[in-house]
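**Q** Dropping the structure in here first, questions after.
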Amino acid sequence: MLDQLDMFRCALLVIAALGIGFSKSGFQGVGMIHVIIFAYLFGARDATGVLLPLLIVGDVCAICYFGKQAQWKHIRRLLPPTLIGVVVGWLLMKQLNEAVFKPLVGTIILTLTCIQTVRMWRPNWFDKFPHEKWFAWSLGFLVGLTTMLANAAGPVMALYLLAVSLPKLELVGTSAWFFLVINVLKVPFSFNMGLITPETLTLNLIFAPAVLPGMWIGRWLIQRVPQRVFDSLLLALTAIAALRLIAF
């Protein structure tokens with residue numbers, strides 16, 4: 001793995017690590033950038049294990065900056081269905097047809113994005129949905145499934161936190177703690193499938209420092225973006241991520 005990294009591939013990995021830091025600062029739709037790069041370099045399945053430790057580094061950095069803003073009631077609400085989704089995703093990884101799964105998830109995310117966009121302009125529409133138990137369990141399960149299968153759950157989580165109207169800094173802090181818990185719990189599953197090895201961990205150590213500049217840039221930007229603009233930008237990035245899943 002390491003002996004196959006030329007300058008071009010190393011540059012792509014630096015960009016991916018920067019993207020991890022940036023997405024963990026709140027712009028979660030950008031997370032599809034590093035997912036795509038790692039899948040291109042290592043293959044969709046193997047990339048999930050290579051990427052996971054770097055995501056944990058990003059989660060820890062995000063907690064250092066935004067962790068005090070977390071709303072734990074939402075974390076507790078989503079954890080049970082998310083854990084079920086992780087286990088189901090683990091069981092499916094060896095037999096799932098990605099050609100079917102990716103467009104399906106993308107369509108679901110795009111539909112939810114459209115609903116949330118309508119809610120931004122018509123607050124009374126679908127007003128009760130985000131507070132219903134079925135809504136949290138449906139999105140929580142989808143978060144667990146997509147994070148296990150593709151490390152692509154950021155847009156789904158963003159939709160839920162936008163739907164319950166969290167301010168931007170609370171959204172980032174809640175997401176950071178939530179994904180740290182989930183990503184750490186995913187590590188044994190990835191080890192079990194041979195997706196995390198000493199060689200992949202060595203690669204993680206080499207490129208982990210590039211996560212920090214991405215986090216600094218995102219932190220600087222999020223403190224200067226108005227709430228309405230932030231919500232709109234996050235929805236736009238989520239829609240792009242969904243279209244990426246549908247189209248490819």
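**Q** Got a sec? Which of Ala242, Ala163, Ala150 is more than 16 Å from Ser25 (Cα to Cα) and free of Cβ contacts under 8 Å to residues at least 60 places away in the same chain?
**A** Among Ala242, Ala163, Ala150, only Ala163 is more than 16 Å from Ser25 (Cα to Cα) and free of Cβ contacts under 8 Å to residues at least 60 places away in the same chain.
**Q** Scan Leu169, Leu201 and give me the residue that is surrounded by fewer than 15 Cβ atoms within 10 Å (Cβ to Cβ) and in contact with a helix residue (DSSP H, G or I) (Cβ under 8 Å, 6 or more places away or on another chain).
**A** Exactly one of Leu169, Leu201 is surrounded by fewer than 15 Cβ atoms within 10 Å (Cβ to Cβ) and in contact with a helix residue (DSSP H, G or I) (Cβ under 8 Å, 6 or more places away or on another chain), namely Leu201.
Yes or no, residue by residue, for (1) under 18 Å from Ala236 (Cα atoms); (2) at pLDDT below 90:
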| site | (1), (2) |
| --- | --- |
| Leu142 | no, yes |
| Thr146 | no, yes |
| Leu149 | no, yes |
| Ala153 | yes, yes |
| Val156 | yes, yes |
| Leu159 | yes, yes |
| Lys168 | yes, yes |
| Leu180 | no, no |
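**Q** Hey, among Gly194, Gly173, which residue is in a helix (DSSP H, G or I) and not hydroxyl-bearing (Ser, Thr, Tyr)?
**A** Selected residue: Gly173, the only one of Gly194, Gly173 that is in a helix (DSSP H, G or I) and not hydroxyl-bearing (Ser, Thr, Tyr).
**Q** Let me ask something additional. Can you tell me which of (1) hydrophobic (A, V, I, L, M, F, W, C); (2) surrounded by fewer than 16 Cβ atoms within 10 Å (Cβ to Cβ); (3) without any contact (Cβ under 8 Å) to a residue 60 or more places away in the chain is the one Trp72 doesn't meet?
**A** The number of the failed condition is (3).
**Q** Suppose we filter Gly43, Gly19 for residues that are touching a His at 6+ places or on another chain (Cβ under 6 Å) and farther than 12 Å from Leu203 by Cβ; which single one remains?
**A** Sole residue among the options that is touching a His at 6+ places or on another chain (Cβ under 6 Å) and farther than 12 Å from Leu203 by Cβ: Gly19.
Okay, residues lined up against (1) in a loop (DSSP other than H, G, I, E, B); (2) under 27 Å from Gln95 (Cα atoms):
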| position | (1), (2) |
| --- | --- |
| Ser165 | yes, no |
| Val181 | no, yes |
| Ser190 | no, yes |
| Asn204 | no, no |
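**Q** From the residues in the range 216-237 that are closer than 29 Å to Trp90 by Cα and touching a Leu at 6+ places or on another chain (Cβ under 9 Å), which one is surrounded by the most Cβ atoms within 10 Å (Cβ to Cβ)?
**A** Residue satisfying both the conditions and the ranking: Leu234.
**Q** Next question, about the same structure. Give the range 166-210 a look and list any residue that's closer than 22 Å to Asp231 by Cα and either among the hydrophobic types (A, V, I, L, M, F, W, C) or free of Cβ contacts under 8 Å to residues at least 60 places away in the same chain (or both), or say none.
**A** Leu166, Leu169, Leu171, Val172, Ala176, Trp177, Phe178, Phe179
**Q** Filter the range 53-95 down to residues that are closer than 30 Å to Phe207 by Cα and not in a helix (DSSP H, G or I) and give me whichever is modelled with the highest pLDDT.
**A** So, considering only residues that are closer than 30 Å to Phe207 by Cα and not in a helix (DSSP H, G or I), the one modelled with the highest pLDDT is Ala70.
**Q** Could I ask something else about it? Could we say that Ala163 is hydrophobic (A, V, I, L, M, F, W, C), in contact with a Lys or Arg (Cβ under 8 Å, 6 or more places away or on another chain) and within 18 Å of Gly140 (Cβ to Cβ) here?
**A** yes
**Q** Okay, next question. Among the numbered criteria (1) touching a residue at least 60 places away in the same chain (Cβ under 8 Å); (2) within 19 Å of Val60 (Cα to Cα); (3) not polar (S, T, N, Q), which single criterion is violated by Trp220?
**A** Going through (1) touching a residue at least 60 places away in the same chain (Cβ under 8 Å); (2) within 19 Å of Val60 (Cα to Cα); (3) not polar (S, T, N, Q) one by one, Trp220 breaks only (1).
**Q** Continuing with this model, one more query. Kindly check whether there is at least one residue in the range 175-186 that is surrounded by 15 or more Cβ atoms within 10 Å (Cβ to Cβ) and more than 16 Å from the chain's Cα centre (by Cα).
**A** No, the conditions are met nowhere in the range 175-186.
**Q** I'd like the full set of residues that are under 21 Å from Leu92 (Cβ atoms), in contact with a Ser or Thr (Cβ under 6 Å, 6 or more places away or on another chain) and either among the hydrophobic types (A, V, I, L, M, F, W, C) or surrounded by fewer than 23 Cβ atoms within 10 Å (Cβ to Cβ) (or both), limited to the range 6-55.
**A** If the condition is that a residue be under 21 Å from Leu92 (Cβ atoms), in contact with a Ser or Thr (Cβ under 6 Å, 6 or more places away or on another chain) and either among the hydrophobic types (A, V, I, L, M, F, W, C) or surrounded by fewer than 23 Cβ atoms within 10 Å (Cβ to Cβ) (or both), then Val50, Leu52 are the ones that fit.
The values are calculated or read from the model by the stated rules, or taken from the named source; none is laboratory data. Bear in mind the structure is a predicted one, so any value in this text is a computation, not a measurement. Cβ coordinates were reconstructed from backbone atoms using ideal geometry, including for glycine residues, and neighbour counts include every protein chain displayed.
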